[in-house]
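A.B. asks: Structure in structure tokens, see below.
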Amino acid sequence: GLTCKAQRITRLIHMVSRPALNIEGLGDEAIIEFVEAGFIQEPADSFCLHLRKGEIIGRPGWGASSVTKM
């Protein structure tokens, strides 16, 4: 399962990778950042990030265009 934080991050990174869903703008560093921030806890959460757009834009390195692209 996804009980261990390291397992959760590894599985989420694989899920958004090119061989899997190929979600552009959501790479390894972003997954780690969003898990740490509590934005993503399970795979389905990655599809709800648009609901946290305002919170993400306020984070260093995230602007409106990068959030929209993701």
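FYI, it's all coordinate maths here, none of it is from the lab. Keep in mind that this is a model prediction, so the values were computed, not measured. Cβ coordinates were reconstructed from backbone atoms using ideal geometry, including for glycine residues, and neighbour counts include every protein chain displayed.
A.B. asks: How high is the relative contact order of the chain, in percent, with contacts defined as C-alpha pairs under 8 Å that are six or more residues apart?
C.D. replies: About 27 percent, as a whole number.
A.B. asks: Helix-only mean residue ellipticity at 222 nm, the chain, DSSP H runs n ≥ 4 weighted -39,500 (n - 2.57), per residue, nearest 500. What is it?
C.D. replies: -13000 deg cm²/dmol
A.B. asks: Highest mean first, what order results for 25-34, 50-59 on Cβ atoms within 10 Å?
C.D. replies: Descending mean neighbour count gives 25-34, 50-59.
A.B. asks: Using θ = phi - 60° and the Karplus form 6.51 cos²θ - 1.76 cosθ + 1.60, what ³J(HN,Hα) does each residue of segment 54-70 get, whole Hz, x for Gly and Pro?
C.D. replies: Running phi through 6.51 cos²θ - 1.76 cosθ + 1.60 with θ = phi - 60° gives x, 5, 6, 4, x, 8, x, x, 10, x, 4, 5, 5, 5, 5, 4, 5 Hz.
A.B. asks: About the Cα centre of the chain, how large is the charge dipole given +1 on each Lys and Arg Cβ and -1 on each Asp and Glu Cβ? Please answer in debye to the nearest 20.
C.D. replies: Rounded to the nearest 20 debye, it is 80 debye.
A.B. asks: Where Rh denotes the Kirkwood radius from the mean inverse Cα pair distance, what is Rg over Rh for the chain?
C.D. replies: 0.94
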